[in-house]
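Bear in mind that the values in this text are calculations on the coordinates, not laboratory data. Small disclaimer: the values here were computed from a predicted structure and weren't measured. Neighbour counts are summed over all protein chains in view; Cβ atoms, including those assigned to glycine, are modelled from backbone coordinates with ideal geometry.
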Amino acid sequence: MQSGTVRFKFSGEPIEARAGETLLGALWAAGRAEGLQAGCDGGVCGACTVTVRFDDGRPGGTDLACMRLVEAGMEVFPCPVEPVAAKAPACGPSPESLRAAYPTLDRCTQCRSCTTACPMDIPVMDSVLRMQRGEWQAVAEDFTTCIHCGLCRLVCEDKVQPHNMGLWVRRSMALAEETVPAAPDPGAGEWAWLLDGDREERLRRATEFRRDGKVPA
Amino acid sequence: MMDWAAESMAQVAATREARVGRPGPKIEGEEAERLLEEYHPDHSGKERSVGVGKNAGADRFPLELAALLEADSPVPENFEARVDLETDVLIIGGGGAGVSAALALQGSGLAVHLVTKLRLGDSNTVMAEGGIQAALGEGDSPRRHFADAFVGGHGDNDCGLLRILCESGPEAVGWLIGQGCLFDRNPDGTFRLRPGGGTSVPRVLACRDFTGLEIMRVLKEALRQSATAVLEEHAAVEFTDDGAGQVTGAVLWDRKSNALVTVSARALLLATGGSGQLRLQGFPTSNHIGATGDGLVLAYRQGCGILFPNSHQYHPSGGVFPEALAGSLVTEAIRSTGAQVVNREGHAFVNELAYRDVLAAAILREVSEGRGVRTPTGRKGVWLDTPLIEKTQGAGTLKSQFPGLVHRYARYGIDPAVCPLLIYPTLHYQNGGIAVDGWGKTEAPGLWAAGEVTGGLHGSNRLMGNSLLDITVFGRRAAASILKEISERKAVTLKGLTRYRAVLKTLPGFQAAEAGGKSAPGLFPEASRLKFHRAPGKLPPMAAGPEPQTPFEPPDPFARG
C-alpha cells in the first residue's frame, strides 16, 4: 500500500516523493524546506498551512503539510496566515462584550467556508452561530481542539474571526472560573523528614512516603 | 488496513476480556535497575567525553551532542559585534518558559524582547498532551508530589529545585487560569485529576489531550496583549560577553533577511527548550522541529556547566504506524485511563503506569526478544490496547477525552476505539541541561535559564506533567530574579567565543566552519536539510544544505533496495 513514487507540484515546481510521506516530509527530502514554514511537525502548531488542488477535478482545499500525505497529481501552495491583534478577555463572556471585542460577529453570511477550511474538523460556522446565540459552553467545547492555524479567518470574506473569538470565549470563561484556593500548607515537619540524609536515605524515605503521603508512624 | 497485523490484533482482542482489571506486572527496585542498565538507551554506551568547556573530560555526552559542543560557531571569525538593537531583557525562545517569563515582566518598566527561531509558540510546549501536575487532590501534598518525582528521578533531582516546583504547583495552576486556561473539571466543579506514570495519587490536570496547546495558545494570546517586542524567525547563534565573563547580549540570525543582528541586553533568559531533533542513537522524536539543543551549545560556550548530559527521556508511547505518525506522541494519559501495553501475543508484560524510563526499557526488551510487531516499512512496536478503554470506561470515552488522538489517527483510517495502536519509545525530553539555581540563574552572570534547557530538577527521569509545571514556575521565577538583579549595560564583545574557539582549535579533527566544518548550534533537524547560511547575503535563501550524512532514523522505512 505504501510503495512507489508519487509526483506532485509544490509552488508550481514538480517534486518526486515516496508514497506514504507527508507533504512536509517530502519537501524536506527534496531539499525544499525553505519553501514552507514549519513548526511542530505534529499537527498542533498551525505553521505549515497549505492549499491543495488537483488537476483532475478532485476536490482540494486547505490542510496542514505535516499531516497530509502526498498524492499523485496534487498541486500544493504555501498558505501562511499572519496573526491578528489579541483582544482582552472579559470576566465571563456576554453577547455585548464579545461584540465589542469582535464587531464582525454578525456579518457571517453562513457560506461555510470556515468549516471547510478547518484542518481539525471543527464545526466552525455552526460555532459562530452559537456565539451569536451566546451558547458559551458549546463554543468552548467546539474550540477545544483549535490549533489557531488561522485558516478559518483567512477564508472568511466577511472578516469574521472565528478562531480568535473561540479563544476569546474560552479565556473569558476561564476568568470567571473559581480559581485555586490558597490553602495554608505548612508541612515543615514532613519536609524535614523527607530531606534528611544522603541520596540513598532520601530515596528510601521518599519511597515510604509515597505509600500514603505521610511520614510512616 | 493493517492486514499485516491481523493475526496479532486478533490475539490482543482475544485476551482483552481476561485483562480487564488486571494490569501488567510491576517492575520495581533492583529488577527495574537491571532492566534500565540493559535496555535503556541512556545506558547503551554510545557516549563520550568532550575536550572543551566546563564539563571537559568529566562527563559523558551522547555522541550527537558531543559533536555539537566541539563544533565551530557559525559566526564568521572576522565578525564584529556592533550593536544593532538595545533592550533590557532578551528572552530567547518562544515556548512556555519564555512566554511565562515575558508575561511576568509586564509592567516592570523594562524593555523586553522575545526572540524565537520559528514563530511565537512553536515549541515542545504546544505539543504536550497529557497534563500538568499540581498537588490539589484528596490525600495529596507538595511533599507527596516531591516523593513521587524524586523516586522517579532516581534521587538525582536537585532537591531544592524540586521542592520549589512541587510547592508552587497549586499557585501556578491558579496563574494559568488567570491567564485564561480552561482545565477539565468533574461535574461537581473540582478539577479532574488523572494519575500519571509514577504518581501515587491522581495529580495530573488536563485539557483533554491538548493541555500544552491550551496553555500555549492562551499564553501566546496574553503575550500579544502585552508590550513585549516579539522577533520571530530570529535564531540565536551566539552570546556576547563583556570580556570578563558576563553575558551581555546575543548575535541573532534573521532568517528572513539572512542577516546577523547583534543585540545588547542587560539580562538574558535562555528558554530554548530541548534537543529531541538530535535523534540520539537513531530514535525518532516527538519534539518540534526547533528542538536541536541550541541553548546547551550557547550557554556552554559561556562557561556554563551541563548536568546529566547523558540523560534523556524516551517516551514509551511514540507512534509507529502509519509512517506519517512515527515518533509522534501518544499521550501517557491514555495509559492512566486504562490502556494496557501488550505484546504480539496479547500479553500485558509490564504495568502501563510504570515510570517512563522503566516502561520504555521494557518495551525495548520485548521487541528485541522478538515479541513485538513489525510494520510493512520495517518499524517495530508493541500494542497499546486502546479499545480496552472503551470497554472499561464506556463507549465514546476516547472521542470525548482524547479528541486529538482520535482525530490524528482518523486521518489515516485508524480508529483507536476499535484498533489498538502500535507504540515504540520516542525521544521526548532532555532530562539534563544547564545548571541553574532556584531563581534560574546560570553559572554565567547576566544569563538566566528556564524550562527544558535546564537540568537538575527532574533528575535522570521526568514524570508526566512536571514539564508544563516547570516552565510555568521557573519561567516566572527567572523573571522575578531578573527584575531584582538586572545589571547595568555592559560592553558587547565576542571574547568568550574567541577563548572557546582557541580551545576548539587544539582538538584533534577540528575543522573551522568557514573551512567547511560543522557548525553549532544546529538550528534545524538534519533531515530538513535547512542550514544556517554561513556567509549572510551571499547565498540565495532557497539554497538547501547537503544530503544528510548520517541516517537520521533507523530503519529508514523508505530505503530503496
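For the segment A:87-98, counting C-beta atoms of other chains within 10 Å of every residue's C-beta and taking the mean gives 1. With Cα atoms as the point set, the protein assembly as shown shows a radius of gyration and Dmax of 25.0, 76 Å. Between segment B:403-432 and segment A:130-155, what is the separation of their alpha carbon centroids in Å? Centre-to-centre distance over Cα atoms comes out at 25 Å. For the cross-link pairs B:Lys220/B:Lys490; A:Lys9/B:Lys399; B:Lys220/B:Lys441, the ones whose C-alpha atoms lie over 29 Å apart are B:Lys220/B:Lys490; A:Lys9/B:Lys399. Largest mean-square fluctuation among A:Leu27, A:Leu64, A:Leu151, in a Gaussian network model of chain A whose springs join Cα atoms under 10 Å apart, belongs to A:Leu27.
Residues whose amide H falls under 5 Å from that of B:Leu231, counting only those 5 or more places apart or on a different chain, are B:Leu114, B:Val115, B:Thr116, with hydrogens built in the peptide plane.
Per residue of peptide B:214-220, the mean number of Cβ atoms on other chains within 10 Å of the residue Cβ is 4. Sequentially through segment B:440-447, phi angles give Karplus couplings (6.51, -1.76, 1.60; θ = phi - 60°) of x, 7, 8, 6, 9, x, x, 10 Hz, Gly and Pro residues having no value and appearing as x.
By the count of other C-beta atoms within 10 Å, a proxy for reagent exposure, B:Ser264, B:Ser317 are ordered fewest to most as B:Ser264, B:Ser317. Annotation: the antiparallel percentage among DSSP beta bridges lying fully within the protein assembly as shown is about 70. Fewest-first ordering of B:Ser100, A:Ser11 by other beta carbons within 10 Å of each residue's beta carbon gives A:Ser11, B:Ser100. Across segment A:143-153, rounded Karplus estimates of 3J(HN,Hα) from the backbone phi angles (6.51 cos²θ - 1.76 cosθ + 1.60, θ = phi - 60°) give 8, 4, 9, 6, 9, 6, 6, x, 4, 5, 6 Hz, Gly and Pro being marked x. Normalised radius of gyration (Cα atoms, divided by 2.2 N^0.38 Å) for segment A:95-175: 0.95. Over every Cα atom in chain A, the radius of gyration and the widest Cα-Cα span, Dmax, amount to 24.9, 76 Å. When the Cα gyration tensor is reduced to axis lengths a ≥ b ≥ c, the ratio a/c is 1.5 or higher for segment B:384-494, and with a/b above b/c it is classed as prolate. Averaging 1/r across all pairs of distinct Cα atoms in segment A:5-78 and inverting the result yields a Kirkwood radius of 11.9 Å. For chain B, pairs of C-alpha atoms spaced more than 33 angstrom apart make up 40 percent of the total. Looking at chain B, identify the longest residue range that excludes and avoids all GluC sites (Glu not before Pro) in DSSP loops having at most 13 other Cβ atoms within 10 Å. Within chain B, the longest run free of exposed GluC sites (Glu not before Pro) spans B:139-344. Footprinting exposure proxy ranking of B:Thr248, B:Thr190, B:Thr442, A:Thr144, fewest other C-beta atoms within 10 angstrom first, gives B:Thr190, A:Thr144, B:Thr442, B:Thr248.
The Cα center of segment B:108-127 and the Cα center of segment A:171-217 differ in position by 32 Å.
With the helix formula -39500 (n - 2.57) applied to DSSP H stretches of n ≥ 4, the protein assembly as shown reaches a computed 222 nm mean residue ellipticity of -9000 deg cm²/dmol. The fraction of all Cα pairs in segment B:53-160 landing in successive 10 Å bins from 0 to the largest distance is 10, 20, 33, 28, 8, 2, 0, given as whole percents. Per-residue 3J(HN,Hα) values for segment A:83-91, derived from phi via the Karplus relation 6.51 cos²θ - 1.76 cosθ + 1.60 with θ = phi - 60°, read x, 10, 4, 7, 10, 5, x, 9, 8 Hz in sequence order (x marks Gly and Pro). Residue separation of B:Lys256 and B:Glu488 scaled by 0.36 nm, minus their Cα-Cα distance, works out to 80.4 nm of gained length. Counts of other chain beta carbons within 10 angstrom of each beta carbon in peptide A:43-52 average 5.
By the rule of a second cysteine Cβ within less than 4.7 angstrom, chain A holds isolated cysteines at A:Cys48, A:Cys66, A:Cys79, A:Cys91, A:Cys108, A:Cys111, A:Cys118, A:Cys146, A:Cys149, A:Cys156.
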